[in-house]
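*Asks:* Got a structure here, written out as structure tokens. Questions coming.
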Amino acid sequence: MAPPKTYRCEAIILGYSPLGEADLLVTMYAREQGKIRAVGKGARRSTSKLVGHLEPLTVVRMSMVNGRSMDIISQAEVVESFAALKEDLTAISKGLYLSELVDGFGSEDIANPPLFQLMIQTLRAVQADSASDMPLRAFEFHLLQVSGLMPELYHCVECRQELEPNAHRFSPNVGGTLCLECNPDDAHLRPLSLRALKVLRLFDRSSIAEACKLSIDDGLADELKSLLSTTVGYWLGKEIRSNSFLERLHKESLPEVYI
Ligand SMILES: [Zn+2]
């Protein structure tokens, strides 16, 4: 019988759950392999050499063995631990939000190195400034981009007319921005201010780190958050669980007078 096939991968741990008596079922997103669900044999035993290497939001280099139904993690070495991020509850919550989206948008057996890179760059931005929501907004935008779902921002998706610098409308399900004249039947239309359109276009030509330098007022931040999370949620086809936790955390951090 041929020996089992082995391979190496670099992946970010998205989450895990207990399996059997001492194993872990680990979900990760690998640079060259896409989403992988693999077993960490004995990883819950304190003596395991995998202990501390499979924590969510850790970048790990691994040796894997092809298993019959699932691959097995034979070795793991931490590449980037995001230790400072993990000491900050707000930053952890934001990291888990990213994990949930990468888990939802990532496919097994389909490599998407830009998605892997996007998650790492966004985690670095969250770690650098956990109070800012800009990393999450830029992430949501680029997530659509690297998933082939980039919204149209320069022409009306219906009549293809170039958009004048004006207020427009946006529809997640028909692919982006619409002029004020077009009104397709099936579009979930929402208003789009000129300021929000400008920020989306800035996201389009900026890296995550560059986008995070932008400072915007609360009204614009709310508009972008609503627009992008609705669009991401539409394509994901389900509610984003960690979003409600982030909302709660945000409310708890506000002085009581605002609640
Ligand atoms: Zn139009």
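The values are calculated or read from the model by the stated rules, or taken from the named source; none is laboratory data. All values derive from a computational prediction rather than experimental measurement. For neighbour counting, all protein chains shown are included, and Cβ atoms are generated from backbone atoms with ideal geometry for every residue, glycine included. For accessibility, only protein heavy atoms count, side chains too; no ligands or nucleic acids. Shrake-Rupley method; radii C 1.70, N 1.55, O 1.52, S 1.80 Å.
*Asks:* Considering only segment 40-56, state which residues are under 24 Å from the mean Cα position of the chain (by Cα) and surrounded by fewer than 20 Cβ atoms within 10 Å (Cβ to Cβ).
*Replies:* Gly52, Glu55, Pro56, listed by residue number.
*Asks:* In segment 157-166, what count of residues is obtained for those that are in contact (Cβ under 8 Å) with a residue 24 or more places away in the chain and open to solvent by 50 Å² or more (accessible area, probe 1.4 Å)?
*Replies:* 3
*Asks:* Now, a different point. Kindly check whether there is at least one residue in segment 134-148 that is open to solvent by 50 Å² or more (accessible area, probe 1.4 Å), under 21 Å from Pro191 (Cβ atoms) and modelled with pLDDT under 95.
*Replies:* Step one: list which residues in segment 134-148 are open to solvent by 50 Å² or more (accessible area, probe 1.4 Å), which gives 145, 148.
Now narrow it down to the ones that are under 21 Å from Pro191 (Cβ atoms): none.
No, because not a single residue in segment 134-148 is open to solvent by 50 Å² or more (accessible area, probe 1.4 Å), under 21 Å from Pro191 (Cβ atoms) and modelled with pLDDT under 95.
Here is a yes/no grid of residues against (1) crowded, with 18+ Cβ neighbours inside 10 Å; (2) outside the structural domain of Glu100 (by TED's automatic domain parsing); (3) at pLDDT 90 or above:
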position	(1), (2), (3)
Ser207	no, no, yes
Asp222	no, no, yes
Thr231	yes, no, yes
Gly237	no, no, no
Arg248	no, no, no
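*Asks:* Just wondering, is there one or more residues in segment 154-163 that are touching a strand residue (DSSP E or B) at 6+ places or on another chain (Cβ under 8 Å) and of a type in the set (S, T, N, Q)? Can you show your working first?
*Replies:* So in segment 154-163, the residues touching a strand residue (DSSP E or B) at 6+ places or on another chain (Cβ under 8 Å) come out as 154-158, 161-163.
From what is left, the residues that are of a type in the set (S, T, N, Q) are 161.
So far as segment 154-163 goes, yes, one or more of its residues are touching a strand residue (DSSP E or B) at 6+ places or on another chain (Cβ under 8 Å) and of a type in the set (S, T, N, Q).
*Asks:* Follow-up. Is there any pair linking a residue in segment 6-20 that is within 23 Å of Ser242 (Cα to Cα) to one that is assigned to a strand (DSSP E or B) and open to solvent by 50 Å² or more (accessible area, probe 1.4 Å), with Cβ under 9 Å and at least six apart or on different chains, and which?
*Replies:* Ala11/Arg61
*Asks:* Also, I was wondering about something else. Which numbered condition trips up Ala128, out of (1) among the small types (Gly, Ala, Ser); (2) open to solvent by less than 30 Å² (accessible area, probe 1.4 Å); (3) under 24 Å from Ser215 (Cβ atoms)?
*Replies:* Against the list (1) among the small types (Gly, Ala, Ser); (2) open to solvent by less than 30 Å² (accessible area, probe 1.4 Å); (3) under 24 Å from Ser215 (Cβ atoms), Ala128 comes up short only on (2).
*Asks:* Residues in segment 143-150: is at least one within 16 Å of the ligand (Cβ to nearest atom), assigned by TED's automatic domain parsing to the domain that holds Leu224 and not charged (D, E, K, R)? So that I can check it myself, show each step before the final result.
*Replies:* Here is the first cut: in segment 143-150, the ones within 16 Å of the ligand (Cβ to nearest atom) are none.
No, that holds for no residue.
*Asks:* Please determine whether any residue of segment 151-163 is within 16 Å of Thr231 (Cβ to Cβ), charged (D, E, K, R) and within 15 Å of the ligand (Cβ to nearest atom). Don't jump to the end; show me each part of the working.
*Replies:* First pass over segment 151-163, keeping only residues within 16 Å of Thr231 (Cβ to Cβ): 151-153, 157.
Those still in the list that are charged (D, E, K, R) too: 152.
From what's left, within 15 Å of the ligand (Cβ to nearest atom): 152.
Checked against the condition, which is being within 16 Å of Thr231 (Cβ to Cβ), charged (D, E, K, R) and within 15 Å of the ligand (Cβ to nearest atom), segment 151-163 yields at least one hit.
*Asks:* Please note which strands (runs of 3 or more DSSP E) are completely contained in segment 164-205 and include at least 2 residues that are more than 20 Å from the chain's Cα centre (by Cα) and within 14 Å of the ligand (Cβ to nearest atom). Can you show your working first?
*Replies:* Values: elements: 168-171, 176-178, 190-192.
Ranges flagged: 168-171, 176-178.
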